[in-house]
Amino acid sequence: METFYVKLLTQVPRLHLWAASCFHLNAPVGWQVENLTRPLRSPPVVVREVEQDEMITEYYAVNPYSERDVPDHTDGQPVKRLYHRGQGHSGRWPVDCVTCGRDVASFLHSLRVGVTESGKISATTTPTSGCSTPPCLQWRDVLVLYSPCMRYNSGVVTGLREAGIPVRVIKDADIEDVATARSDVVWVADGRRVRRLERKVVVCLQDPMFYLYTSPRLDLMSRCMSQLVIVSHDH
């Protein structure tokens, strides 16, 4: 990236250029650096999960959070923890498990996602549905994240679909749709592909492969603006 910056400035002199990175040691030589560490995106309950990431606590590659300096009117919704264990669960990890998909779907229904004030279920993929009253939470407000790669017929996706959740797994052609939240569906994604997107409800499907490809707390849980759901293999 530094080579790109240098070449761009030679082509466009006196250019005022901003760049952002969560890794504070990556700034090009000679650039003015400002550390923005106030947690403004997520509620305190989510911040406490994110700040436990090893990139912050052990490797010091990311600066720790500072004080918010504004009043917190609420701690946020408690983190919902689901576990890949017990009767009915199958597959090695949550992503392979139909029952885990059903458990996630049950929790989403308990949040009344896709339910209008009139009590009707909205499961359309366009903003123009038969219900004129918008729901408090829509399917487009939910993001299910997994790493490394999600199979299109994985168990958790099957479980979500069986429970009536309009769900789609992100493909390359879907990036603009996901970024603009055009379709009213629950998107399921490899967490590395949506690191800069935010959603009100974020579901993280954990497994040991997380740590080979990404930092689950920093890259995935930090996408959450309200309700965080963690599905893990152990207690």
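Quick note: the coordinates plus some simple rules give every number you see, no bench work behind them. What you see is a predicted model; the values in this text were computed from it and never measured. Ideal geometry is used to build each Cβ from the backbone, glycine not excepted, and the neighbour counts take in all protein chains shown.
Summary table
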{"quantity": "For the range 4-13, 3J(HN,Hα) per residue [Karplus equation, 6.51 cos²θ - 1.76 cosθ + 1.60, θ = phi - 60°, Hz, x = Gly/Pro]", "calculated": "4, 4, 4, 5, 5, 5, 6, 7, 10, x"}
{"quantity": "Magnitude of the charge dipole, the chain, Cβ model with Lys/Arg +1 and Asp/Glu -1, debye to 20", "calculated": "520 debye"}
{"quantity": "All-pairs Cα distance distribution in the range 152-194, expressed in whole percent, bin size 5 Å", "calculated": "5, 22, 33, 22, 15, 3"}
{"quantity": "Computed [θ] at 222 nm, helices only, for the chain once each DSSP H run of length n ≥ 4 contributes -39500 (n - 2.57)", "calculated": "-5500 deg cm²/dmol"}
{"quantity": "Cα-based equivalent ellipsoid of the range 69-115: semi-axis lengths in Å, sorted from largest, via gyration tensor", "calculated": "29, 14, 8"}
{"quantity": "Once the Cα gyration tensor of the chain is diagonalised, semi-axes √(5λ) in Å", "calculated": "33, 21, 19"}
{"quantity": "Gained length - Arg81 relative to Gln11, 0.36 nm times residue gap less alpha-carbon distance", "calculated": "20.1 nm"}
{"quantity": "Proximal lysine pairs, the chain, alpha carbons under 26 Å, eight or more residues apart or interchain", "calculated": "4"}
